[in-house]
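Written out below as structure tokens is the structure these notes cover.
The values are calculated or read from the model by the stated rules, or taken from the named source; none is laboratory data. As the structure is a computational prediction, the values presented were derived from the model and not from experiment. Neighbour counts are summed over all protein chains in view; Cβ atoms, including those assigned to glycine, are modelled from backbone coordinates with ideal geometry. These area figures cover heavy atoms from the full protein model, side chains too; ligands, DNA and RNA do not enter into them. Shrake-Rupley method; radii C 1.70, N 1.55, O 1.52, S 1.80 Å.
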Amino acid sequence: MEARNELRDRLARVAVEYGANIQPGQVVNVNAEHGQHELARAIAAHAYRRGARFVDVWYFDPHLKRVRIENATEDSLDYVPPWYGQRALTVGELRGSLISIAGPTAPGLLGDLDAARVGRDMLPRIKENFEVINRNASTWLVIPGPVEGWARQVYPDAEDPLDRLWQQIAHVCRLDTDDPVAAWRERFGQTAEVGDRLMELELDAVHFEGPGTDLVIGLFPTSKWRNANETTIDGIDYVPNLPSEELTATPDPQRAEGVVRSTRPLVLSDGTLIDGITVRFEGGYAVELDAEVGGDALRTRTSIDEGARRLGEVALVDREGRIGPLGTVFYNTLLDENAASHLALGGAYESLVGAEDVDQINRSDLHLDFMIGSDEVGVTGITRDGSRVPILRDGSWQV
């Protein structure tokens, strides 16, 4: 228990001082679920020591979500009160910081409910969070928050699953190094160099090929390949995801052709499991979406608006990070998406294109990542002159 408390405090400190880079006088918004209170409290403590003016922790109760799905009228399930996202917008206006703790506290809680009704209830998604992110006035961060229920889902046969999960989180977040911040800066330096080399290629598209996958995704002339280092409009450096092993770009939402198959399960924010995803794109639009598990929930979730079935993100991940080599399925997007290359249906990041292309990026209230990479999936770049350049083979960079 003592070791677990030490890791929790270490994670909170890295989150506050490096990830979100809390500044004196900032208002800090922490999103968590019931059961993640110990990490939320540790974050608050470090934020106040850092000089935060106020820390507001908002807890979401997944059991209340179940109550709503079971009992609410059909026409009210997709209703979100107008004040629900105002808190995030206010923090953005104040140039504060948004910190979210990821990890399911009650895995499988909604598994026996009607999938279509589950898919219609979008809570706790707050679409305003994405609006705040694209304004780039506030720092934001997502970190994992181990709890007993999540640990038992990942390690059902372990003698002490929560202890094992904490040890794995410490490893992938580099908390087991003498200086986690220095370790992250070294890793981000490595991926930044690859991003620079990708930019030098002047890519027009990327081609994913592997079992069940043959997909070409177009890029904008100004698309940027970036890792998780960001800077606000006020010059505050921060890291929005810890851990993070990816290089990300914003694709052209009108240019995706072919079929792609997921390589890892996807777990929605409400705990719904979706596995064996297959998506076929024509003209950038997902004309077919299917899944071996959770297909109805996937189709419902991606029906909320026109942009929900177009791409807002393409991300490349090599096998030199700390998550993929573990071979663990964490049933959590923050971790699983940094184990393998992935795509996101829905809203795109404005910071990853030049000003002349911002108006053409995909817009949606959804941003849904799903993993498509593995050592068996090759990635080839297509340059503006039509040349083909290997980018990833057997999980290793070729550039």
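Show the residue pairs that are 6+ apart or on different chains and have beta-carbon atoms under 7 Å apart, the first residue being within region 168-191 and free of Cβ contacts under 8 Å to residues at least 12 places away in the same chain and surrounded by fewer than 19 Cβ atoms within 10 Å (Cβ to Cβ), the second being outside any loop (DSSP other than H, G, I, E, B) and not hydroxyl-bearing (Ser, Thr, Tyr). Filtered contacts from region 168-191: 176/170; 177/183.
Condition check ((1) touching a residue at least 40 places away in the same chain (Cβ under 8 Å); (2) more than 13 Å from the chain's Cα centre (by Cα); (3) more than 27 Å from residue 231 (Cβ to Cβ)) across all residues:
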site: 100; (1), (2), (3): yes, no, no
site: 112; (1), (2), (3): no, yes, yes
site: 117; (1), (2), (3): yes, yes, yes
site: 122; (1), (2), (3): yes, yes, yes
site: 130; (1), (2), (3): yes, no, no
site: 136; (1), (2), (3): yes, yes, no
site: 144; (1), (2), (3): yes, no, no
site: 147; (1), (2), (3): yes, yes, yes
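The numbered conditions (1) at pLDDT 90 or above; (2) open to solvent by less than 10 Å² (accessible area, probe 1.4 Å); (3) of a type in the set (Gly, Ala, Ser) are all true for residue 85 except (1).
Can you confirm whether residue 399 is β-branched (Val, Ile, Thr) and part of a loop (DSSP other than H, G, I, E, B)?
In short, yes.
Screening region 302-394 for strands (runs of 3 or more DSSP E) wholly inside it with 2 or more residues that are touching a residue at least 40 places away in the same chain (Cβ under 8 Å), closer than 30 Å to residue 147 by Cβ and open to solvent by 10 Å² or more (accessible area, probe 1.4 Å) returns the ranges 367-371.
If the requirement is being at pLDDT below 95 and over 15 Å from residue 202 (Cβ atoms), which of these qualifies: 351, 341? So that I can check it myself, show each step before the final result.
Details: 341 fails: at pLDDT below 95.
Among 351, 341, only 351 is at pLDDT below 95 and over 15 Å from residue 202 (Cβ atoms).
Taking (1) open to solvent by less than 30 Å² (accessible area, probe 1.4 Å); (2) out of contact with any helix residue (DSSP H, G or I) (no Cβ under 9 Å at 6 or more places or on another chain) in turn, residue 95 satisfies each apart from (1).
With the requirement that a residue be of a type outside the set (Val, Ile, Thr), crowded, with 19+ Cβ neighbours inside 10 Å and at pLDDT 95 or above, what does region 265-283 give you? Across region 265-283, the qualifying residue is only 281.
Quick check: anything in region 123-140 at positive phi and open to solvent by 50 Å² or more (accessible area, probe 1.4 Å)? Explain how you work it out, then say what you get.
Of the residues in region 123-140, the ones at positive phi are 136.
The next check asks that each one be open to solvent by 50 Å² or more (accessible area, probe 1.4 Å); those that pass are none.
Scanning region 123-140 turns up no residue that is at positive phi and open to solvent by 50 Å² or more (accessible area, probe 1.4 Å).
Looking across region 104-122, the residues that are of a type in the set (Asp, Glu) and open to solvent by 10 Å² or more (accessible area, probe 1.4 Å) come down to 112, 114.
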